[in-house]
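The values are calculated or read from the model by the stated rules, or taken from the named source; none is laboratory data. Since this is a predicted model, take the numbers as computed values, not measurements. Every residue, glycine among them, receives a Cβ derived from its backbone with ideal geometry; neighbour counts consider all protein chains shown.
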Amino acid sequence: MKKSIAALSLAMLFAAPGMALSAEPAAVYDMTQELSSKLATEALSICHAMDRQGVVAVVDRGGNLVSLMRDDNVGPHNTQAAWRKAFTALSTKTPTKQLATKAQSSPDSVNLNTVNELLLLGGGVPVKYRGQWIGAIGMAGTGGAESDDRCGAEAINKVFGGNAQQQ
């Protein structure tokens, strides 16, 4: 019986010429090592132009750390904070600055603070390329959420020509 069902299924597949299969491999963009290094380098360069130092972490679409760069004399806790901000931005597809504001004003969102990996502080920015979320950048240790956020967001805009988030 099983053989006849399989044969019938194959016969139906080949009996309908021109019928396209709906299951095709997806075209997926990824956060490559080269791209993540470029983002991280640019983010630190922007921070340095503001006379600030920090840590930058870049994650791929799965939340995996791809690049991490740290200036000298930055507190060790900032390394983990940068990764968690990038992870949070990717996971929620929302800049962490915006997420932190929402969590402060919404009783429903405040519970996000209970998820260990999420960090609701400004400085995490998701990276969207051609309609796909490919990763995120997280900054920490630059002197506050505003400068953390600015370094990451400006790096994305500079590397992608200012319109990566809109594509």
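What the table shows:
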read-out	value
Odd one out for V59, checked against (1) closer than 19 Å to G144 by Cβ; (2) at pLDDT 95 or above	(1)
Whichever residue in the range 21-37 is over 17 Å from S91 (Cα atoms) and surrounded by 17 or more Cβ atoms within 10 Å (Cβ to Cβ) and, among such residues, is nearest to the chain's Cα centre (by Cα)	S36
Yes/no for E42 being of a type in the set (D, E) and closer than 16 Å to C151 by Cα	yes
Matching residues in the range 82-114 - criterion: being among the small types (G, A, S) and at pLDDT below 95	S91, A100, A103, S105, S106, S109
Residue within the range 144-155 that is under 14 Å from M31 (Cα atoms) and not small (G, A, S) present	no
